[in-house]
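Notes for the one structure printed next.
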Amino acid sequence: NSNLPDCIAVRWAKQVSDDFHARFSATARRYRYVIYNNKFRPAILGAGLSHYHQELNIELMQQAAVHLLGENDFTSFRAIQCQSHSPFRNLMHLHLSRVGQFIVLDIKANAFLHHMVRNITGSLLQVGMGLKDPEWIAELLAAKDRTLAAATAKAEGLYLVDVDYPEHFDIPKMPLGPLFLPDSFC
């Protein structure tokens, strides 16, 4: 770890078979997007969080998120420069939680399109601020038009927290994190 940048740490290493590929062998990926929801910006951890000063209604955001579950065409939530051949992804899990001033969006899918998590988050934030109804998310999904969705959410606050692989690779599981979250999340 002493030769790595401060923001990277190796927590384990393991020899794997030649047919293993970190990206293409994965069966699912899980991200967490961490929002600091307070009228004042955070003095500590500011670079690792997205800050939204307006009160967010996570109940409305969760109602909206339900529309995205399952296998869908996520064209409305992909970046223009996305190079994926197919916009279809299977969204297995999307849940929002609040602990104090933190809101955590926890999302898992078989794969993600370029900027998909941040684009979904940006649109859910519009619902959370009361600017759009929860049903708007279903309309966006059906429209298959990126220009109708909200702006892409900030990169700060987005964490890849888990990757699933077939059992025969015997890849260790770690606490999800990010590790600065309260123990109830990890």
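Coordinate-derived values only; no laboratory data. All figures in this text were calculated on a predicted structure; none of them were measured in a lab. Neighbour counts are summed over all protein chains in view; Cβ atoms, including those assigned to glycine, are modelled from backbone coordinates with ideal geometry.
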task: Return the distance in nm (one decimal) between the two label points of a simple spin-label model at HIS85 and ASP145, each offset 7 Å from Cα along Cα→Cβ.
output: 2.9
statement: The answer for the longest stretch of the chain without any exposed chymotrypsin sites (Phe, Trp or Tyr not before Pro) (DSSP loop, at most 11 further Cβ atoms within 10 Å) is 41-186
- line: Contour minus Cα-Cα span, ASN38 to ASN110, at 0.36 nm per residue, comes to 22.7 nm
- prompt: So which of LYS144/LYS173; LYS132/LYS154; LYS39/LYS144; LYS39/LYS132; LYS108/LYS132; LYS39/LYS173 end up more than 31 Å apart, counting from Cα to Cα?
  reply: LYS144/LYS173; LYS39/LYS144; LYS39/LYS173
field: Net length gained if the chain between MET92 and ALA9 were fully extended (0.36 nm per residue, minus Cα distance)
entry: 27.0 nm
task: Note down the net charge around ALA79, summing +1 for each Lys or Arg and -1 for each Asp or Glu among other residues with Cβ under 11 Å from its Cβ.
output: +3
task: With springs only between Cα atoms under 10 Å apart, run a GNM on the chain and tell me which of ILE58, ILE171, ILE107 wobbles the most.
output: ILE171
message: Students often get this wrong, so try it: which of [x] 23; [y] 67; [z] 35 is percent of Cα pairs over 26 Å apart as calculated from the structure shown?
response: [z]
query: Where the centre of each part is set by its Cα atoms, how far does region 49-114 sit from region 125-186, in angstrom?
result: 4
- prompt: What trypsin sites (Lys or Arg not before Pro) in region 1-80 are in a loop by DSSP, with at most 12 other Cβ atoms within 10 Å of the Cβ?
  reply: ARG11, LYS14, ARG23, LYS39
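Say R0 is 45 Å: what FRET efficiency, to the nearest 0.05, do ASP19 and GLU59 get from their beta-carbon distance?
Values: r = 45 Å, r/R0 = 1.00.
Using R0 = 45 Å, I get an efficiency of 0.50.
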- prompt: How long is region 62-108 along each principal axis, judged by its Cα atoms, biggest number first, in Å?
  reply: 40, 21, 15
field: Distance (nanometres) between label positions extended 7 Å along Cα→Cβ at ASP170 and ALA138
entry: 4.7
